[in-house]
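Since the structure comes first, as structure tokens, the remarks are kept for the end.
Every number here is computed from the coordinates shown, using simple stated rules; none is lab data. These figures come from a predicted structure and were not determined experimentally. No Cβ is skipped: glycine too gets one built from the backbone with ideal geometry, and neighbour counts run over all protein chains shown.
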Amino acid sequence: MNSWLYTEKVKEHFMNPKNIMFNEKDFEYDAMGKTGNIKCGDEMIFYLKIDPDTLTITDCRWKTFGCASAIASTSVLSEMIKGMTLDAASNISNVDIIDELGGLPDNKVHCSVLGDKALQEAINNYYRGHGMFEKVRDTKSRIVCECLNVSEEEIEHAALEGARNYYQLQEMTKVGTSCGKCSEDAKERLAFYQDKHFGIKMGRPDERPPLAK
Ligand code: FES
């Protein structure tokens, strides 16, 4: 979606967000997960109530210091996950969230990742707290470029911020600008995150046209 127009569903969820946490004392939860950093201007916290017999999410709340797109994305996500098992909720991607919203402007796709990540942290929190360590999905980021200390997470962030080819990725992260041995790995990671977050096969990363300014 290449315009700045928001769908009616995005507007509805932004104006009337569902399942917001107003007061932690009013909601008994079984797991909590947090992502982002308030110092960077975006933070998301997800709270889950879970049926221990079926490992199903029975209720949830969330709160954020994020933008309109982050609010709408997390609001719709909070409706999607009720009644789902933890494993099914883990499999929801931000492409699913954007589909449910009827689309998001490309430049706002990165905002839909906040709720998704906080939810995974909350699910991991439950699994860890109940000794189900084999079910925890690792959210730690691997270093792709040893010379410049560039992680997978930074490449993902650059993809979300609009890096459409390897040269743009290098401009944004400096990956591969020293010995260059990480370049194939970095290109593959860029392709992976573009496909993951934008839901389309875009060809090899260094053949992709740059985004229109
Ligand atoms: S490992 Fe990336 S430039 Fe050397």
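So which of Gly115, Gly66, Gly83, Gly33 ends up being touching a residue at least 12 places away in the same chain (Cβ under 8 Å), touching a strand residue (DSSP E or B) at 6+ places or on another chain (Cβ under 9 Å) and part of a helix (DSSP H, G or I)? Don't jump to the end; show me each part of the working.
Numbers: Gly66 fails: part of a helix (DSSP H, G or I); Gly83 fails: part of a helix (DSSP H, G or I); Gly33 fails: part of a helix (DSSP H, G or I).
Just one listed residue meets the conditions, Gly115.
Please specify each residue of the range 139-152 satisfying the condition of being without any contact (Cβ under 8 Å) to a residue 24 or more places away in the chain and either within 13 Å of the ligand (Cβ to nearest atom) or basic (Lys, Arg) (or both). Spell out the reasoning first.
Of all residues in the range 139-152, those without any contact (Cβ under 8 Å) to a residue 24 or more places away in the chain come to 139-143, 149, 151.
Passing the criteria: Lys140, Arg142, Ile143, Asn149, Ser151.
Do you know which residues across the range 153-175 are closer than 26 Å to Gln120 by Cα, within 13 Å of the ligand (Cβ to nearest atom) and either within 15 Å of the chain's Cα centre (by Cα) or not in a helix (DSSP H, G or I) (or both)?
Glu154, Ile155
Considering each of Ser183, Ser178 in turn, give the residue that is surrounded by fewer than 15 Cβ atoms within 10 Å (Cβ to Cβ) and near the ligand (Cβ under 10 Å from one of its atoms).
Only one candidate passes the filter, namely Ser178.
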